[in-house]
Amino acid sequence: MRRRADPPDLADYRDTGCVLAPSCLRCPLPDGCALDFGVTPTEVLTIARDLVIQRRIAAGDPAQRVAADIGVSKRTAYRAAEAVGHPRRRRLPLGARMA
């Protein structure tokens with residue numbers, strides 16, 4: 001049990017992670033926890049999915065193939081590709097982009 005005067009290193013802390021990673025130390029976000037920025041875990045997964053779609057379409061993969069591989073509709077793939085830099089679709093702060 002941690003006493004109030006103990007240094008933080010002695011705290012009983014369990015790193016259970018979140019939907020992105022099994023532990024905080026394995027998180028793909030380079031600048032901190034997305035939950036600290038007020039982004040829900042579902043939004044984090046949507047942002048990560050959209051970034052994968054954007055990268056694959058930018059690399060030349062057809063939107064229909066990307067959509068089938070990821071398991072979304074072709075329209076969702078096009079919408080994600082068009083959302084590059086769109087403020088409503090990218091809610092993480094600039095310093096918290098996916099790695």
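A few points about this structure:
- Count - residues of region 27-86 that are closer than 16 Å to Gly17 by Cα, in contact with a helix residue (DSSP H, G or I) (Cβ under 7 Å, 6 or more places away or on another chain) and among the charged types (D, E, K, R): 1
- Within region 58-99, the residues that satisfy the criterion of being assigned to a loop (DSSP other than H, G, I, E, B), modelled with pLDDT of 90 or more and of a type in the set (A, V, I, L, M) are Ala59, Val72.
- Annotation note: of Ala48, Ala83, Ala77, the sole residue that is in contact (Cβ under 8 Å) with a residue 40 or more places away in the chain and of a type outside the set (D, E, K, R) is Ala48.
- Only one of Asp31, Asp36 that is more than 17 Å from Arg75 (Cβ to Cβ) and in contact with a Gly (Cβ under 9 Å, 6 or more places away or on another chain): Asp31
- In region 60-81, of all residues being surrounded by fewer than 16 Cβ atoms within 10 Å (Cβ to Cβ) and among the polar types (S, T, N, Q), the one that is farthest from Ala48 (Cα to Cα) corresponds to Gln64.
- Taking every residue in region 20-43 that is at pLDDT 80 or above and in a loop (DSSP other than H, G, I, E, B) and pairing it with any residue that is hydroxyl-bearing (Ser, Thr, Tyr) and surrounded by fewer than 14 Cβ atoms within 10 Å (Cβ to Cβ), at least 6 positions away or on another chain, the pairs with Cβ-Cβ distances below 9 Å are Pro22/Thr16; Ser23/Thr16.
The values are calculated or read from the model by the stated rules, or taken from the named source; none is laboratory data. Note that the structure is predicted; figures quoted are calculated from it, not measured. Neighbour counts are summed over all protein chains in view; Cβ atoms, including those assigned to glycine, are modelled from backbone coordinates with ideal geometry.
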